[in-house]
Amino acid sequence: MKKSKDDIICTLTIVLSWMVRIIYVLTTTVGERQHDLGYATLLSDDKVNPGHLGYVEYIAKFHHLPDFDPFSIFSYYHPPVHHIIAGTVVDIAHRLGISEPYVYEFIQLPTCIYGCITVFIAYRILKLLCSDSRYICIPLALIAFHPGLIYMCGTVNNDMLAAMISFICIYNSLLWINRGYRTKELVYMALSIGMGLISKLNVAVLIFPMGMVMLSHFIKSIKEGRLISCIKQYLLFAVISLPIGLSWTVRNLIRFASKPGISSATPESNQYLGSYPLSEIIGLPVKSSISFPFHSENAVYCHNAWSILFKTSLFSEMFPEDITAPALMFCRLAFIIAVLLGFVCAILSLTLPIVRIKKGDKDTGLFLLAGYASVLITYVLFVIKYPYTCSCDFRYVPTALLYAAVSLIPLRASLSSEPAVQSEVQAS
């Protein structure tokens with residue numbers, strides 16, 4: 001089948017985005033623009049070092065998961081999938097003769113791969129919602145070249161893996177809806193959410209939209225006399241997802257009596273937001289951010305969550321004190337555009353799914369609405385529970401960008417698209 005001009009544009013967008021990510025990773029060391037990096041010593045010693053770098057080094061060095069309470073050393077409480085992958089890559093590179101400290105640069109290899117896969121999955125999601133490629137070129141470009149997702153490709157931590165699996169969860173959920181609620185797609189949903197939960201805790205936000213759609217389908221199954229079939233499907237979902245998703249938590253509970261959670265700073269930290277009024281923390285982005293649209297970890301300079309969200313999405317945590325006037329003007333303009341576009345997309349992401357529901361595409365609309373609302377609500381709750389500037393970072397909510405991209409697809413074009421299977425086929 002001959003590809004249209006717009007299909008070719010989408011393909012070129014994906015390939016170019018991969019090239020940008022590869023170039024970024026090749027020109028970025030593991031010490032640049034990192035979060036909770038920590039440090040490493042030598043693979044030949046017995047030292048246990050903190051941070052994500054230390055966590056990866058531990059697995060590469062000792063070839064097993066931490067045999068101590070993961071909350072006793074900074075960053076080790078994170079679920080281990082990324083660190084196992086990265087540690088294995090480091091170990092292989094070291095065995096092939098790469099010397100230290102250069103061997104740690106190979107940690108960026110899997111994160112770059114995660115980032116490239118994320119762009120492709122985003123394309124598949126957009127294509128699933130709208131088969132006409134001319135309407136998805138711009139939404140795809142938003143994801144493909146968004147600075148926040150590019151920065152995450154060079155990180156040592158598990159943010160990029162969590163984003164990739166989150167996108168896969170969303171894709172599998174939409175497949176399940178659009179292909180007639182078949183068992184095959186439900187199994188993919190179970191596997192993806194299970195793997196997500198042992199990749200990073202914030203993937204759990206997708207439980208809410210997935211649960212809403214599953215509840216809607218359950219009620220529909222009761223009305224249509226297919227209750228037993230639906231229960232069998234959901235039991236299978238639980239049997240697959242729960243053992244995988246809860247394995248890290250259960251392991252820590254049994255071995256160390258450690259309850260799930262995260263480590264955080266203290267109120268004495270310069271990142272602490274708790275001393276400021278809630279209206280200033282989660283109110284509208286402040287005007288002062290426009291004059292210097294870069295993030296400083298110090299809450300004195302900026303303690304508005306939304307301002308920090310947009311700053312870190314565009315410029316990570318860079319703080320260029322010696323920036324030239326033309327460059328600063330460009331960054332100010334980029335920040336203003338990002339805030340305005342974010343505001344428009346937020347409205348569209350909350351209203352268009354409601355229109356979709358009213359037009360008859362109930363479960364897809366419900367999934368998109370519940371998903372975006374869950375991201376916003378859990379983001380605000382997270383900032384309130386852990387009131388620090390680092391909690392406001394874009395890296396915690398990259399799925400919001402996907403919902404924003406979806407909102408840019410004209411609803412008429414999306415509703416007129418024919419999904420692969422619309423019938424209510426039930427697989428035994």
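Distant-in-sequence amide contacts of Met318, defined by a placed amide H-H separation under 5 Å and a gap of 5 or more residues or a different chain, comprise His295. When the chain is treated as a Gaussian network with alpha carbon springs shorter than 10 Å, the biggest mean-square fluctuation among Phe394, Phe330, Phe208 belongs to Phe330. Overall size of the chain from C-alpha positions, given as principal axis extents largest first: 62, 54, 50 Å. Using all Cα-Cα distances in region 299-408, what percent lands in each 5 angstrom bin from 0 up to the longest? With a bin width of 5 Å, the distribution comes to 2, 11, 18, 21, 17, 13, 9, 5, 2, 1, 0. In summary, the aspartates and glutamates within cross-link reach of Lys259, defined as a Cα separation below 20 angstrom excluding same-chain residues under 8 places away, comprise Asp67, Asp69.
Annotation: amide H of Tyr388 within the under-5 Å range of Leu273, sequence separation 5 or more or interchain, hydrogens built in the peptide plane. Note on region 301-350 and region 129-148: Cα centroid distance 21 Å, given to the nearest whole angstrom. By the count of neighbouring beta-carbon atoms within 10 Å, fewest first, His63, His146, His82 end up ordered His63, His146, His82. For Lys3, the lysines whose Cα comes closer than 19 Å to its Cα, not counting residues fewer than 8 places off in the same chain, are Lys127.
Of the complete DSSP H runs in the chain, those spanning 20 angstrom or more by Cα along the long axis with a mean Kyte-Doolittle score not below -0.5 are 5-26, 81-95, 108-129, 159-178, 183-197, 207-223, 227-245, 325-358, 362-385. Inter-part distance, region 369-403 to region 227-277, computed on C-alpha centroids, equals 16 Å. Listed by chain and number, the lysines whose C-alpha is less than 24 Å from the C-alpha of Lys223, apart from same-chain residues fewer than 8 away, are Lys184, Lys232, Lys358, Lys359, Lys362.
We did not get these values from a lab; they are worked out from the coordinates using the rules stated. Values in this document were obtained by computation on a predicted structure and should not be read as measured data. Ideal geometry is used to build each Cβ from the backbone, glycine not excepted, and the neighbour counts take in all protein chains shown.
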